[in-house]
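Step one of this worksheet: look at the structure below.
The values are calculated or read from the model by the stated rules, or taken from the named source; none is laboratory data. Bear in mind the structure is a predicted one, so any value in this text is a computation, not a measurement. Quick reminder, even Gly has a Cβ in these numbers, built from the backbone with ideal geometry, and neighbours come from all protein chains shown. Heavy atoms of the whole protein, side chains included, go into the accessibility calculation; ligands, DNA and RNA do not. Shrake-Rupley method; radii C 1.70, N 1.55, O 1.52, S 1.80 Å.
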Amino acid sequence: MKVNRDDLLSYGDVKAKEIALTLMEEAIKSSDPYVAVKRALKMKDDKLIVMGKEFPIKGKIYVLAFGKAACSMARAVEEILRDKLEEGVAVTKYGYALPLKKIEVIEAGHPIPDENSMKGALAGVELAKNVDKDDILLVLISGGGSALFCLPEDGISLEDKIKTNKLLLKSGAKIYGINTVRKHISKVKGGKLAKLVKGTLISLILSDVVGDPLEAIASGPTVKDPTTFEDAYRILKVYGIWDKIPESVKRHIEKGLKGKVEETLKEDLPNVHNFIIGSVSTACESAKRKAEEIGLKAYILTTTLEGEAKDVALALGSIIEEVYNKNRPFEKPVVLIAGGETTVTILGKAGMGGPNQEIALSISRKISGLRGTAVLAMDTDGTDGPTDAAGGLVDSYTLNVLRKEGIDVEEYLATHSTYDALKKAKALLITGPTRTNVNSIFIAVLL
């Protein structure tokens with residue numbers, strides 16, 4: 001991870017920003033998918049041990065990995081299993097590949113799926129079907145898996161699925177709702193992948209969903225699904241896109257409403273075992289410990305942060321103002337930490353940006369003039385929205401810098417052109433791919 005420190009620390013509340021970056025790096029390190037797998041998975045004699053639970057090795061072991069952390073997770077598994085590993089497939093985002101020995105790597109599109117997403121899903125389906133009764137399939141799931149492991153139901157083209165996905169992403173729907181629709185137009189999501197496996201299926205899951213609901217992470221390909229076609233229909237109606245989605249998608253959901261096509265998995269399967277091995281809670285706790293190590297009080301406000309990004313920023317900014325001016329509910333110096341997933345609702349044309357860039361730009365208004373204050377907001381995968389930025393790092397000087405550059409913050413927020421604004425203020429956080437993904441983190445430092 002190569003952070004653009006020179007730009008970020010070129011002015012303003014440098015000490016506070018340095019601390020924020022240090023805590024960010026610790027949070028990312030703790031969420032390393034390679035380390036998480038090594039921590040959770042062991043092999044001893046003829047047994048696989050997953051978080052203390054033992055599974056006898058009677059036949060072959062296969063690996064199927066998908067998500068932004070797929071290659072890091074798969075590399076750890078290769079090292080643990082060595083010659084016990086038969087073969088595998090890993091599907092990850094473009095630019096996130098790592099060389100693997102026995103596992104085929106396929107790079108695909110995210111957040112919008114592409115032909116390679118289907119290629120990877122087809123390869124995964126074939127692999128799953130090859131798993132015999134005495135075999136084990138290790139499924140390694142991480143954030144981004146829903147787009148990267150994409151196989152539409154019969155009659156729905158990839159183009160139609162992509163159009164539906166774009167409409168959902170722009171609608172302001174939360175990830176749980178988006179995944180509810182995705183599951184009901186997919187051949188592999190909503191537990192449908194699990195149905196294909198005759199042997200033992202063990203999923204190691206790196207959570208990128210608020211609250212860690214198994215059925216929502218990568219659209220729950222290996223777990224039973226509580227949502228229904230009725231839920232999918234309701235979400236499309238509530239967010240005003242039912243009349244905009246392709247006819248093929250509409251027809252399939254209508255068939256589902258009438259019971260003419262199969263629902264998602266509705267029961268626990270005895271051969272399927274799911275384990276969460278990392279989440280945003282882990283990242284927040286590590287950042288808190290690091291802050292305390294360097295002599296600062298630190299508090300985790302929440303690990304289930306949700307809402308419209310710029311509005312969440314105003315609420316968080318209000319807490320920072322209260323602490324700064326009134327020393328309540330916490331006293332300075334202090335670090336405030338939060339984790340979760342915010343959204344951006346786009347109406348009409350929009351510029352470049354992402355939820356965390358929107359938080360950073362929006363909160364710069366609230367912390368302006370609060371000397372010794374810095375706020376970092378980032379997506380832990382290193383890419384916030386469809387940009388090369390992880391998020392933003394702003395301080396009490398950022399708003400004035402923007403004004404001197406002739407930037408009207410309200411206008412840039414209204415058009416979601418946050419990338420350009422933060423870049424002008426040297427407040428754009430660039431990390432490159434982190435090869436993990438456990439939601440977004442928010443770190444405020446008040447000295």
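Observations on the structure shown:
- Cα-based Rg of segment 364-415 normalised by 2.2 N^0.38 Å, two decimals: 1.24
- Mean accessible surface per residue for segment 15-82, computed with a 1.4 Å probe while every protein chain stays in place, in Å²: 41
- Within segment 73-226, percent of DSSP bridges classed antiparallel, to nearest 5: 10
- In order along segment 391-407, phi translates into HN-Hα couplings of x, x, 10, 10, 9, 6, 9, 4, 4, 5, 4, 4, 5, 5, 7, x, 9 Hz, rounded to whole numbers, per the Karplus curve 6.51 cos²θ - 1.76 cosθ + 1.60 with θ = phi - 60° and x for Gly and Pro.
- Nitroxide proxy distance, nm - points 7 Å out along Cα→Cβ at R371 and E321: 2.0
- Between segment 78-111 and segment 215-242, the alpha-carbon centres lie 29 Å apart.
- Segment 287-411, accessible area per residue, ligands and nucleic acids excluded (1.4 Å, Å²): 41
- Alpha-carbon gyration tensor eigenvalues x 5, square-rooted, for segment 317-415, Å: 24, 17, 12
- As computed over segment 18-79, the Cα convex hull volume per residue (Å³): 98
- P(r) tail, the chain: Cα-Cα pairs separated by more than 40 Å, 20% of all pairs.
- Alpha carbon centroid spacing (whole Å) that separates segment 423-440 from segment 183-202: 33
- Farthest toward positive dipole pole in the chain [+1 Lys/Arg, -1 Asp/Glu at C-beta], among I320, Y96, G220: G220
- For L48, the residues whose modelled amide H falls within less than 5 Å of its own, excluding neighbours fewer than 5 places apart on the same chain, are F55, I57.
- Stokes-Einstein diffusion coefficient of segment 291-363, Kirkwood radius over Cα pairs, 37 °C, 0.692 mPa s, in µm²/s: 242
- Label-point gap, in nm, between L257 and E331 - each point 7 angstrom along Cα→Cβ: 6.0
- Two-decimal ratio, segment 193-311, of alpha-carbon radius of gyration to 2.2 N^0.38 Å: 1.44
- Amide proton proximity set for S203, modelled H, under 5 Å, gap of 5+: V139, H273, N274, F275
- Apolar share of the accessible surface for segment 226-358: 49 percent from carbon plus sulfur atoms, 1.4 Å probe.
- Cα convex hull of segment 117-159 - mean projected area over all directions, nm²: 3.6
- Phi angles across segment 154-160 convert, under the Karplus curve 6.51 cos²θ - 1.76 cosθ + 1.60 with θ = phi - 60°, into 3J(HN,Hα) values of 3, x, 10, 7, 4, 4, 5 Hz, Gly and Pro given as x.
- Of all DSSP bridge pairs formed entirely within the chain, close to 45 percent run antiparallel.
- Under 5 Å, built H, 5+ apart or other chain: amide partners of T302: G339
- Within-13-Å neighbourhood charge of L413 [Cβ basis; K, R +1; D, E -1]: -4
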